[in-house]
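To start, the structure itself, in structure tokens.
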Amino acid sequence: MKTMPTKKITALAMLSALAFIAMAATRGLPPIVPMPPLRYDPKDVVITIGGFLYGPLAAFAVTLVVSVVEMLTVSTTGPIGLLMNVVSGSAFACTAALVYKYQRSLRGAVMGLAAAWLLTALVMVLWNYLMTPVFMKVPRAAVMDMLLPVFLPFNLLKGGLNAAFTMLLYKPVKAALLASRMIPPAEQGVKGKFNWGIVIVSVFAIGTCLLWALVLQGRL
């Protein structure tokens, strides 16, 4: 008797809850860019891990659920914020999960995260150009002047943190789900023993992104 669909739904619900908690826990932090206020939250990391485990469609479903719950609870940006969260989260998590789906290896994970990082930065420049004037009620020309010096660096920074945290946390999260039998032992993904190289590179990338965040804030 197959019980995997129920376990999959339960696991995705847990990941959705974790993504929401990760988002809510960081809302009190100061914005990386003061004006317009642009904050980093790590919900896309949890969503991408779900995509690595269950595929791009699952990543989209979790993105949509978390974005809707965020809009109905803690967000003040309404439908525009919902749309931007879905576009940003899907561009990153679904792209990474799609590449990894067809190359389930460390190389595939790195390639997927790199593709997601660059694609999301480009996609969000376009969507910031389209939606920020509506949300901020400012002329489009003013937003155009912020695309390269503000929005592009912020989205590159956000994507870099997402990629680094995903590489750092994917295997521990997967191990926990395997131990709880939420995913079957046959589910493989990135093989091999604990990789200190991944840890070192991820920590270095996170540190670099945090330094860049201080630069964008004008503190360095």
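The values are calculated or read from the model by the stated rules, or taken from the named source; none is laboratory data. Quick caveat, the model's predicted, so the values are computed rather than measured. Virtual Cβ from ideal backbone geometry, glycine too; neighbours counted across all protein chains shown.
Checking the structure you have, find out if any residue of the stretch 91-109 is farther than 22 Å from residue 171 by Cβ and of a type outside the set (Phe, Trp, Tyr). So far as the stretch 91-109 goes, yes, one or more of its residues are farther than 22 Å from residue 171 by Cβ and of a type outside the set (Phe, Trp, Tyr).
The set of residues in the stretch 177-203 that are modelled with pLDDT of 75 or more and within 20 Å of the chain's Cα centre (by Cα) contains only 177. Inside the stretch 145-162, residues that are closer than 20 Å to residue 15 by Cβ and without any contact (Cβ under 8 Å) to a residue 60 or more places away in the chain make up a count of 0.
Condition first: assigned to a helix (DSSP H, G or I) and over 15 Å from residue 56 (Cβ atoms). Can you find one or more residues in the stretch 102-109 that meet it?
Keep residues of the stretch 102-109 that are assigned to a helix (DSSP H, G or I), which gives 102, 106-109.
Checking which are over 15 Å from residue 56 (Cβ atoms) leaves us with 106-107.
Scanning the stretch 102-109 turns up at least one residue that is assigned to a helix (DSSP H, G or I) and over 15 Å from residue 56 (Cβ atoms).
In this structure, residue 84 does not satisfy being modelled with pLDDT under 95, surrounded by 21 or more Cβ atoms within 10 Å (Cβ to Cβ) and under 30 Å from residue 136 (Cβ atoms).
Within the set of pairs 6+ apart or on separate chains, which have a first residue in the stretch 49-68 that is crowded, with 22+ Cβ neighbours inside 10 Å, a second that is outside any helix (DSSP H, G or I), and C-beta atoms under 7 Å apart? So the pair list comes out as 52/189; 53/183.
What pairs can you find where one residue is in the stretch 3-28 and free of Cβ contacts under 8 Å to residues at least 40 places away in the same chain, the other is among the charged types (D, E, K, R), and their Cβ atoms are less than 7 Å apart, with a gap of 6+ or different chains? Close Cβ pairs satisfying both conditions: 22/41; 22/43; 26/41.
Could you look through the stretch 110-139, keep only residues that are without any contact (Cβ under 8 Å) to a residue 12 or more places away in the chain and assigned to a helix (DSSP H, G or I), and pick out the one that is nearest to residue 48 (Cα to Cα)?
122
Considering (1) modelled with pLDDT of 90 or more; (2) under 28 Å from residue 174 (Cβ atoms), the lone condition that residue 74 does not fulfil carries the number (2).
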